[in-house]
Every structure is written in C-alpha cells, then in structure tokens.
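A.B. asks: Okay, here's the structure, questions in a sec.
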Amino acid sequence: MLREPLLWCSSTLGTESRMVDLSTDEESETHHSPESKDDHSSSSNSSSSLEEFSSIVNIPDAAFIQAARRKRELARTQDDYISLDVKHTSVITGMKKNSDEDPESEPDDHEKRILFTPKPQTLRQRMADETTPRNEETSEESQEDETQDIWERQQMRKAVKITEGRDLDLSYNSESQTVKKFDTSTSFPPVNLEIIKKQLNTRLTLLQDTHRSHLREYEKYIQDVKSSKSTIQKLENSSNQALNFKFYKSMKIYVENLIDCLNEKIISIQEIESSMHALLLKQAMTFMKRRQDELKHESTYLQQLSRKAETSTNGSLAVGEKTPWILEEIESRRSQRRQARALSGNCDHQEGTSSDDELSSADMIDFQKTQGEILRDHKKIFEDVHDDFCNIQNILLKFQQWREKFPDSYYEAFISLCIPKLLNPLIRLQLIDWNPLKFDAVGLKQMPWFTSIEEYMASSMEDSKKEDGSDKKILSAIINKTVIPRLTDFIEFIWDPLSTSQTTSLITHCTVILEELSTCGNEVSKGKQDLLKSIVLRVKKAIEDDVFIPLYPKSTIENKTSPHSKFQERQFWSSVKLFRNILLWNGLLPDDTLQELGLGKLLNRYLMTALLTASPGPDVVKKCSQIAAYLPAKWFQSSATRTSIPQLENFIQFLLQSAQKLSRSEFRDEVKEIVLILMKIKALNQAESFIEECHLDHLKSVIKEV
C-alpha cells in the first residue's frame, strides 16, 4: 500500500501520458457511452483533458481513499431499497453506477445484473479477475506494469465521479424545487356541490350494498360453521358407528336374500295360483253351461208340445230322445231342493229363485281331489325356507326395527313403497285358498297378513317423529296391487250374478275393500274404478245371456198347472232374483248405474213384458209388490218430490191400469196394495188422481198417513 502512492506521484513522462489517457477515457465514458472502454476513441482529446483535470481535481492520498471506501460500503448497507420517487431514483441510480466503477467493482457486469452474494469480493480478487484476460494477452514481463496502469485508472475515475456526483445533487435539488412550485395560470372547472353530493351518495349506496352482501355472506358462513360443528360433534359423540354399520350391512344382506328367495318362489306361486283359478273357472263354466243347456232343452221341449203334430211329421227323434233325460235330471234336482226347504221350514219360496249349483257326487269328488292336491302343493312351496323369509310378521319385524332405530334413513329409503312389493308373493300365496264367493269364506280382516300389516301400521302411528308417515298407506297399497286384481278375476270369470249367496258374499268383501281404500287419496282410485267397472260389465253380460222369459198365448198360460205356465213363472222369478241381486249393490255402485242396469235393462225390457201379457189379479199384484220391495228406499227419501224417478214411469202406468181393472171387480185389497206401491215409489200425484177418478174415498186416509 505504501508503494502505490509513490508510483502514482512519479513525474515521469510515461506516467503523465498514461494519466492523460485515463482522464480522457473517463470523460468520453461520461459524456458519450459509459460502457465503452476503448482508449483509442479518446486519444485525440488527451492534451485538453490533462489540463482540465490538473486544474480541477486534487489527487487524494491513501488515507482519503480508505475513508471514501468505508463510507461507500456503509452507504451500500444502509440504502438497500428502491425509492418510489422516479427522478430521485434516476439520480441516485446514476450516482451508484458511477460510484461503483471503482477497483473493487466490476464495471462490465454491474449494469447488467445485481449481485446477491452475501460477501463482496476483495479488491485484490476483483483486480485479479479484471486483469486475468489482459495478462493472457501480454507476456509475463509486462504484468507488473499493467497492474500499475489499472490501479492508476481506477483512482482517476473515482476522483472524476465524486466531482460529477456533487454536480448532480445540486441539479436535482434545483429541479425538485422547480417542480414543487404551483402554476397559478392553470384553471379548473367550477365546483358543483350537488354533483359532489350525488357522487358521494352513489358511492355510499354502493358501499352499503356491498356491506349488506358481505353481511349476508357472513351470516351464511356462520350458519355453515355452526352446522359443521354440530355435525362434527354428533359424529364425535356417536360411539356406536360400528354397530350402525353392522346393522345396515345385515339389513342389506337380509333384503337381498329375501328378494332372491321370492324371485325363486314366485314361479311356483304363479303356477299354484293358475291351477286354483282354472279349477274354479271350470266349475263355474260347468254350472253356466248346464243352466243354458237345460234352458235350451226345456224351451225346445215346450215348443214341441205346442206343435206336437208338426214335430212328429218331421221325425226329429234325436232331440226328443235326449230332452226327456235332461228334463228328468232337472226335476230330480228340483225335488231335492224342495225337500231341503221343507226340512228347513222355508215354505214361502218361489220356483226359479233357487240357485241350481249342485254338483253330482262324481263331479264333487273330482273337484275336492284336485283342490286338495293344489293346496298340498301350496303348502310345500316354502317348506325349505326359514320363517324370517316367508313369514310376513317376521319380515315386518325386521323393518320395524329399522324404523325404530333409524327413522330418518327408513323414511328416506321409501320403505312404505317397497313393503307392498316385497309382500305381494306371500299375500298371493295366502289368497290361493280364499274364495270371496263362498258365504263361509274367511274375511280379509281375519287373515294373518291383514292383521300383521295393521299392527305394523299402528306401531308407525305411535311414532311421534313421523306423524304423517307414509306407512299408513301400506295396507291400501297392498289391497290395490294384490287383492283387487284377484277379486277382479273372480268377478269377471267365476261370479254368477244369478246366485244370491255368491252376490251377498262378494258384496261383503267388496265393502271391506272399498272402506280401506276410502282412507287413501287418488293413488288407489284407479283400482277402485277397475273393480266397479268389472262388476258392471259382468252384470250386463248376465242380463244378456241368462235372462229369458218366454211369451205364450194367454190360453196356454191361464192354466197354472201347465208346463208352459210353470216354465214362464220360473223364468220370471229367476229374472226378479237377478233384479234383486243387482240392486243389492246399492251403496257401492252409483245410483245412475244401478238404475240403468236394474230398471232400464232388466225391468223395462224383460219384466214389464211378462207383466203386460199376464192377466190382472192377485199374482200380478204380488209380483209388482215384490219388485217394489227390492227398490232401494234412498231413491225415494226426498220429501219435496211427489213424482217418482223417470225409469219407473212404465211400471207406474202398469200399476194404474191394473188398479183400474181390479177396482171394477171384487179385488179391493189388491187395489189398496197397488196404491201403497205407488206411495212407496213416490208416485203420489198419480195415486191421488187415481183415487179421485175411481171415487175411492176410503183410500184417501192412506195417502194422508204418508
């Protein structure tokens, strides 16, 4: 370090020339290009630069250089930031760039990149890095001279940069003071307080809306947080998650096994069901065909009696040989029924009103045998199945446990819609032996499946968590999907509307079913409508196929012991029996439907024809009285009307004609009976007119009593 200022202070010509070159190079770098280091470009101005440099710059000594170096390093550590002032930044940056070009810095790389090394290189390391490429070009002999030249240039650059930095600070202060002065010549638009107020209000409204939206979001987030905390707390407090999972898994396995079992057994159930239906259908068709054949043969026989001579000439002996055998069989069954009625004390009976549904002993044995085989096969279907998969009560118990332990998941799984489908095969199996046409058939409410489902529904109603639970509709859904289709098959194919016992039993079961369906909404109305529609169609078919009242000359039927008269009487009373059976549906079928079937199709078309051909007398009055007795009383309960329903107009006119004819004879009691019939069917105006016309004053008191 002591050698360096002595070398720098030498007054040799070579040293002065080198100093001039460095000052000239520094001036050219300052005014033209700070990155250029070409000494050749500034050689032309070397003499003038030397004079200027010697007059302005005082060459510092080594102590001053050391102090400046420490001061620069201290400034680097303190000014480790980027100023936001653009102009000041540019000045400071320029100053830093100039001040960094010392022997300890790297002038070539400083402006291109920022050094992030925690410890800068020493002066000797930087000098060595800078002189290395040049030392490669020179020989080992000139290495010492080159190092001296570099050091001298660096010292001269420092001196020049310090002077330039002072000038830049002065110029920056003057410029900043000039910028800060306010130009009074600049004019602004006039201030409007309303506009400012409007803008402030608009800004305030926007801020308030934003604030409200933030409040809503905040409240939502608070609720979500509370819900999440409660859920977490429930899950943390729940210590039986393993048991819950075990229950759900066992329930899943149970339901899968139950479905597999029912899918396997449903084929056998359908076969047994079809066999029983075919057996009952065969029996019903046997009765129907026998009745129609006997009616045909008896009618043919009576026609042959009326034209005996013509029949003998034609020689149709085949029919004649078969007919007496059939008639003997018919009469044999009738005599058996008469004996049975005599033993029971039923003397008030009309021929033709009994049901001809007796089977021969051979047919009965065959029927019972086939039925027994079907029932044995029916019991074998679930012999190899555990009770948990074939007993309805056990199955419902499984779902009841689910409902009691986990009601939320139970109702979310819509189990009330699944139970009717699961129990359908098992209920159909129990209904195989059920015949709603038999008077001694077991009622639906007495069946095991019915009572089990009622108990299941009752336990559901006690559940306070689900007061409006859908389990209340399970029974109605089962009846709609399982019972009504089977009952419809009985009505369409097996039911005989001429049988009073079958009709009464069928009405009893239909009443129970419709009462259960009445507690539900529209989802079961279709099943109810289908059931009633099948009843109406079957009654229409019976009227068209089974009603036959022959018409004979009065001379033929006046003899009550003649076969023609007996046959006509039996057919008339058989039609009256059908009339009664139709009207037994009162309360189940609509009134207009009943009036159309009973009055329009049967009374006015068939019964009235037979009454018009009969001679007025006690028998006719008895028939009319019986017909009026079967009419539903609710059709005539309106006290405001004094006229009957339109469908009875023909019947009323016939009663008036018969009363007029009988009033001229000795049948006074029969006339009174006709007046009572008119009063019962609310034909009060016609009855009063008849009494006034025939001067039957003794009957006025009868009308007043009504």
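The values are calculated or read from the model by the stated rules, or taken from the named source; none is laboratory data. Please read these numbers as outputs of a predicted model, since none were measured by experiment. Positions of Cβ are backbone-derived with ideal geometry, glycine not excepted, and every protein chain shown enters the neighbour counts. Ligands, DNA and RNA are stripped out before the accessible areas are found, and what is left, the full protein with its side chains, is counted by its heavy atoms. Shrake-Rupley method; radii C 1.70, N 1.55, O 1.52, S 1.80 Å.
A.B. asks: Leaving ligands, DNA and RNA out of it, work out the accessible area of GLU692 with a 1.4 Å probe and give it in Å² to the nearest 10.
C.D. replies: The accessible area of GLU692 comes to roughly 110 Å².
A.B. asks: Set the Förster radius R0 to 22 Å, insert the Cβ-Cβ distance between THR511 and THR643 as r into 1/(1 + (r/R0)^6), and round the FRET efficiency to 0.05.
C.D. replies: So the FRET efficiency works out to roughly 0.10.
A.B. asks: Calculate, for region 205-297, the solvent-accessible area per residue in square angstrom, rolling a 1.4 angstrom probe over the heavy atoms of the protein chains.
C.D. replies: Accessible area per residue, region 205-297: 73 Å².
A.B. asks: Something else: In square angstrom, rounded to the nearest 10, how much accessible surface does MET156 have for a 1.4 Å probe?
C.D. replies: Rounded to the nearest 10, the figure is 10 Å².
A.B. asks: Quick check: pseudo-label points 7 Å beyond the Cα along Cα→Cβ at GLN660 and SER565, how many nm apart are they?
C.D. replies: That separation, rounded to one decimal, is 2.7 nm.
A.B. asks: Given a Förster distance of 22 angstrom, what is the FRET efficiency for LEU375 paired with ASP489, based on the Cβ-Cβ distance and rounded to 0.05?
C.D. replies: Here the calculated transfer efficiency is 0.75.
A.B. asks: Multiply the residue separation of LYS421 and SER332 by 0.36 nm, subtract the distance between their alpha-carbon atoms, and state the gained length in nm to one decimal. Intermediate results must be reported in sequence, preceding the final value.
C.D. replies: Numbers: separation 89, 0.36 × 89 = 32.04 nm, distance 5.06 nm.
Answer, rounded to one decimal: 27.0 nm.
A.B. asks: Same structure, new question: Extending each Cα 7 Å along its Cβ direction at GLU73 and GLU219, get the distance between those two points in nm, one decimal.
C.D. replies: Computed distance between label sites GLU73 and GLU219 equals 6.7 nm.
A.B. asks: Within region 406-459, what whole-number % of the accessible surface is contributed by carbon and sulfur, with the 1.4 Å probe and all protein chains included in the calculation?
C.D. replies: 58 percent
A.B. asks: I want to check the label-to-label distance for LYS700 and SER361. Put each point 7 Å from Cα in the C-beta direction and report it in nm to one decimal.
C.D. replies: Result for the modelled spin labels: 6.9 nm.
A.B. asks: For GLU544 and SER615, what is the calculated FRET efficiency with R₀ set at 30 Å and r taken between the beta-carbons, to the nearest 0.05?
C.D. replies: Details: r = 29 Å, r/R0 = 0.97.
Using R0 = 30 Å, I get an efficiency of 0.55.
A.B. asks: With all protein chains present, how much of the accessible area of region 517-638 (probe radius 1.4 Å) comes from carbon and sulfur, to the nearest whole percent? The partial results should precede the final answer.
C.D. replies: Numbers: 2660 of 5380 Å².
It is 49 percent, rounded to a whole number.
A.B. asks: Calculate, for region 612-701, the solvent-accessible area per residue in square angstrom, rolling a 1.4 angstrom probe over the heavy atoms of the protein chains.
C.D. replies: 52 Å²
A.B. asks: What accessible area per residue comes out for region 367-439, rounded to a whole number of Å², with a 1.4 Å probe?
C.D. replies: Result: 55 Å² per residue.
A.B. asks: Next question. Determine the gain in length on full extension of the stretch PHE439-ARG605; use 0.36 nm per residue of separation and subtract their C-alpha separation, reporting nm with one decimal.
C.D. replies: Stretched out fully, the PHE439 to ARG605 stretch lengthens by 56.6 nm.
A.B. asks: If you stretched the chain out fully between VAL191 and LYS229, how much longer would it get, using 0.36 nm times the residue separation minus the C-alpha to C-alpha distance?
C.D. replies: Full extension of this stretch gives 8.1 nm more.
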